Amino acid sequence: MRGHRRITVAIGLALCLCAVATTVAQRRRGFRAPLRMASAESFDGGFNFCRIIFGESRDGDGGNWSVDYPRADVNLSIRLAELTRTRISRDAATGEPNHVLLRLTDDLMFQCPFIMMTEVGSAYISPEEAPRLREYLLKGGFLWADDFWGDYAWDIWAREIGKVFPPSEYAIVDLPLSHPLFRTQFIVSKLPQIPSIGAWYSSGGGTSERPDSTEAHARGIFDKQGHLMVLMTHNTDFGDAFEQEAADPRYFHTFSVDGYAFGINVLLYALSH
């Protein structure tokens, strides 16, 4: 327990020390950069945050692929470099992390050991995309799907990922807290429910964004050898924990510290399994 408290304090202090510098840099850059589509030159052996651009279902629920972009991608990459020994890819001119965007049909996706999709309650996976994502994941890739709330959004996503992995062949299961992902580096004793900062403000400090989203879930799809291929964090928004770390100190201390502990665990697990 003492060791766990020391780790918690250490991550909090490390993030606090650089939050002010990050805020200044973000305001200076304004985060108005054009879309960073992946190219062959994007990959130099360091870590790249790879975000997927996806189409939207007509009956979907939620935002689109660009929610939290690009600040969440940049901030999580920075914290990964600061709190682990992982080498991240950086822009030679600015020093900013090289985060990239891809589509599920892009061959360069196979250069990414980790990909992220956000607001997947609105996602549409086309007949051309489904076999490509299946191929990527069965070859050892890792997908984290985050930020979708309530039963309806879950049903939409379950339908779409079912095109990739039919549930009769690959079941979706709840991840127990004993799974190694929860202790890859930091001990995560409970999956945090993280609201968007706007929902947190408007609810007066609540964490559930929908009437039927009171409990956060971490679910997964495993391959036939028992390797986790798809992580789904439902009824929680890790992207805002990363994107909005510098927006409000109260939000940072309440959600970002725990969010980064889990997020870094996910990245390290994806890179090492």
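Data table
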read-out	value
Options Gly121, Gly140: the member that is more than 23 Å from Ala158 (Cβ to Cβ) and modelled with pLDDT of 95 or more	Gly140
Any hit, the stretch 80-100, residues being in contact with a Ser or Thr (Cβ under 8 Å, 6 or more places away or on another chain), surrounded by 21 or more Cβ atoms within 10 Å (Cβ to Cβ) and farther than 29 Å from Phe186 by Cα	no
Residues of the stretch 187-198 that turn out to be farther than 22 Å from Asp212 by Cβ and either open to solvent by less than 20 Å² (accessible area, probe 1.4 Å) or assigned to a helix (DSSP H, G or I) (or both), as a count	1
Residue ID - farthest from Ile115 (Cα to Cα), chosen from residues in the stretch 206-216 that are of a type outside the set (Val, Ile, Thr) and open to solvent by 40 Å² or more (accessible area, probe 1.4 Å)	Pro211
Qualifying residue in the stretch 233-255 (condition: more than 20 Å from Ile78 (Cβ to Cβ), assigned to a loop (DSSP other than H, G, I, E, B), at pLDDT 95 or above and open to solvent by less than 40 Å² (accessible area, probe 1.4 Å))	yes
Of the criteria (1) assigned to a loop (DSSP other than H, G, I, E, B); (2) under 20 Å from Gly60 (Cα atoms), which one Pro113 fails	(2)
Of all residues making up the stretch 124-139, the number that are open to solvent by less than 70 Å² (accessible area, probe 1.4 Å) and assigned to a helix (DSSP H, G or I)	8
Which listed residue, of Phe142, Phe148, Phe165, is surrounded by 19 or more Cβ atoms within 10 Å (Cβ to Cβ), of a type outside the set (Asp, Glu) and farther than 20 Å from Gly55 by Cβ	Phe142
Checklist (1) part of a helix (DSSP H, G or I); (2) open to solvent by 60 Å² or more (accessible area, probe 1.4 Å); (3) free of Cβ contacts under 8 Å to residues at least 40 places away in the same chain; (4) not β-branched (Val, Ile, Thr) applied to Lys224, failing item	(1)
Selection from the stretch 151-178 of residues that are in contact (Cβ under 8 Å) with a residue 12 or more places away in the chain and outside any helix (DSSP H, G or I)	Phe165, Tyr170, Ala171, Ile172, Val173, Asp174, Leu175, Leu177
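Residue-wise test of (1) outside any strand (DSSP E or B); (2) more than 19 Å from Leu104 (Cα to Cα); (3) in contact (Cβ under 8 Å) with a residue 40 or more places away in the chain.
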site	(1), (2), (3)
Gly45	yes, yes, yes
Ile52	no, no, yes
Asp59	yes, yes, yes
Asn64	yes, no, yes
Val67	yes, no, yes
Ala72	yes, yes, yes
Ser77	yes, yes, no
Ala81	yes, yes, no
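A quick yes/no check of all residues on (1) touching a helix residue (DSSP H, G or I) at 6+ places or on another chain (Cβ under 6 Å); (2) within 30 Å of Glu135 (Cβ to Cβ):
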| residue | (1), (2) |
| --- | --- |
| Pro192 | yes, no |
| Gly205 | no, no |
| Arg210 | yes, no |
| Asp223 | no, yes |
| Met232 | no, yes |
| Phe242 | yes, yes |
| Ala246 | yes, no |
| Pro249 | no, no |
| Ser256 | yes, no |
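The values are calculated or read from the model by the stated rules, or taken from the named source; none is laboratory data. Quick caveat: nothing in here was measured; it's all calculated off a predicted structure. Ideal geometry is used to build each Cβ from the backbone, glycine not excepted, and the neighbour counts take in all protein chains shown. The area values use the complete protein model at the heavy-atom level, side chains included, leaving out ligands, DNA and RNA. Shrake-Rupley method; radii C 1.70, N 1.55, O 1.52, S 1.80 Å.
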